[in-house]
Structures are given as C-alpha cells and as structure tokens.
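Here's the structure we're looking at; comments come further down.
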Amino acid sequence: MPQEFSRTLRVAEQVKREIAPLIQRQLANGLVGMVTITGVDMSPDLRQAKIYISCLGGSVDTVVAALNRSRGHLRHHLAYHLRLKVIPRLSFFHDTSLEQGARLEALLSSLRDGKTS
C-alpha cells in the first residue's frame, strides 16, 4: 500500500518547486547569491508558509531581508501557477541545521581522534 501524504506536505512541496527556480532566475543579483530552499513548513490551514533557506555568498541576514522584501512578487507568481483557493503568505528564514550538523560532525570526529575541545 503506498504511503499517503497530507495536503500540507503536498502543498509545501509544490511551493518549494515553484519558488526555487524563480529565486534563481529573477532574483539572482549581487545581493542574493546562490540560495537553496531547504524546507517549507505550511500551516494546517495553508495560509502561512515558512520557507527555510541556506545561501552561499553574501550575508545571510541580507539575503533573508531581500527575499522577505520580494515576497509579494513571489506570492503573485504562486497565485498564477498554483490552483489554490488561498495563496499562502510567505516568510523566509535562515536554516541553521547545516551549520549545526557540521559542528556536530566536527565534535564527533574530534572524539574519534581522541581529542576533546
């Protein structure tokens, strides 16, 4: 029996698929470097979307601020491409899980080598 996915997960994945190329094509300028969408959390009523990003190049705070300033344009794009009754409000956040994972990996490797910090 195939695994079933909730509507919030399906809509979150659709939002991710629609916004990722738009950020790369239309918002790629000197302010917004290479941005990767690492996750999208939808509210149960599908009215809010928290979009988590990681970026290379540029200040993370500057990139998040630039994306939050352009969320109206991104939301308009979603309204055109998604078949939803209500288009979610977008909020961008920096995803720190990659940095935390690298820090944990460094700690584990130092323990394996017999060094403690």
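None of the figures in this text is laboratory data; all of them are computed from the coordinates on show. Computed from a predicted structure; not experimentally measured. Cβ sites come from the backbone with ideal geometry, for glycine too, and all protein chains shown count toward neighbours.
For the stretch 77-117, which semi-axes, largest first and in whole Å, follow from the square roots of 5 times the eigenvalues of its Cα gyration tensor? Mind showing how you got there, number by number?
Details: eigenvalues 394, 16, 8 Å².
In descending order, the three semi-axes are 44, 9, 6 Å.
Using a Förster distance of 25 Å, how high is the FRET efficiency between K16 and S59, based on the Cβ-Cβ distance and rounded to 0.05? Display every interim value, and only then the final one.
On the way: r = 23 Å, r/R0 = 0.93.
So, using R0 = 25 Å, E works out to roughly 0.60.
Counting other Cβ atoms within 10 Å of each Cβ, which trypsin sites (Lys or Arg not before Pro) in the stretch 36-89 have at most 10 and sit in a DSSP loop? Spell out each step's value before the answer.
Numbers: sites: R47, K50, R69, R71, R75, R83, K85, R89; in loops: R47, R83, K85.
Taking the stretch 36-89 and a limit of 10 other Cβ atoms within 10 Å, the loop trypsin sites (Lys or Arg not before Pro) found are R83, K85.
What does the convex hull of the Cα atoms of the stretch 7-112 come to per residue, in Å³, rounded to a whole number? Don't skip to the answer; put the middle values down first.
Working: hull volume 11.5 nm³, N = 106.
Considering the Cα atoms of the stretch 7-112, their hull volume per residue is 109 Å³.
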